[in-house]
1. For the chain, which whole-number percentage of the solvent-accessible area (1.4 Å probe, protein heavy atoms only) is attributable to carbon and sulfur atoms?
2. Say we join alpha carbon atoms closer than 10 Å with springs in a Gaussian network model of the chain; which of Thr81, Thr55, Thr27 then has the biggest fluctuation?
3. Rounded to the nearest 5, what % of the DSSP beta bridges within the chain are antiparallel ones?
4. Given the rule -39500 (n - 2.57) for each run of at least 4 DSSP H residues, summed and divided by the residues of the chain, what is its mean residue ellipticity at 222 nm, to the nearest 500 deg cm²/dmol?
5. What ranking do 3-11, 43-51, 15-23 get when scored by the average of other Cβ atoms within 10 Å per residue, highest first?
6. At a Förster radius of 25 Å, what calculated FRET efficiency corresponds to the Cβ-Cβ distance of Ile21 and Ala46, to the nearest 0.05?
7. How much area per residue is accessible in the chain when the probe is 1.4 Å and only protein heavy atoms are counted (Å²)?
8. Once you keep just the Cα pairs under 8 angstrom separated by 6 or more residues, what percentage relative contact order results for the chain?
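The values are calculated or read from the model by the stated rules, or taken from the named source; none is laboratory data. If you're wondering where the values come from, they're calculated on a predicted model, not measured in any experiment. Positions of Cβ are backbone-derived with ideal geometry, glycine not excepted, and every protein chain shown enters the neighbour counts. Please note that ligands, DNA and RNA were not included when accessible areas were found on the heavy atoms of the full protein model with its side chains. Shrake-Rupley method; radii C 1.70, N 1.55, O 1.52, S 1.80 Å.
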Amino acid sequence: MEKLEYGCIGEHLGHSYSAEIHALLGTYRYRLCELAPQEVEGFLRARAFRGVNVTIPYKQTVMPFLDEIDRTAREIGAVNTILCRGGRLIGYK
């Protein structure tokens, strides 16, 4: 898989308008990245992205693979955004 700058990970993303919205808002490349359940761990371990939005069904699945989770995300038990900073994966609400 090619390096992803920014995007959205999920299982079924055909309904998403996220890429079109981000194309209007910024100059960065944002793409949808459909992952099968068995691909999530490898995707995260590769750390080949700057930031991703996380959608159903992976909001909880991603949590064990993160280096850090902000307090609010930990309290609600779900991660909506992951940033890769200095090779560390940080999850946010």
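1. Whole-percent figure for carbon plus sulfur exposure: 51.
2. Sorting by GNM fluctuation, first place goes to Thr27.
3. Counting DSSP beta bridges with both partners in the chain, the antiparallel share is about 40 percent.
4. It comes out at -5500 deg cm²/dmol, rounded to the nearest 500.
5. 3-11, 43-51, 15-23
6. Efficiency, rounded to the nearest 0.05: 0.45.
7. Accessible area per residue: 61 Å².
8. Computed over the chain, the figure is 28 percent.
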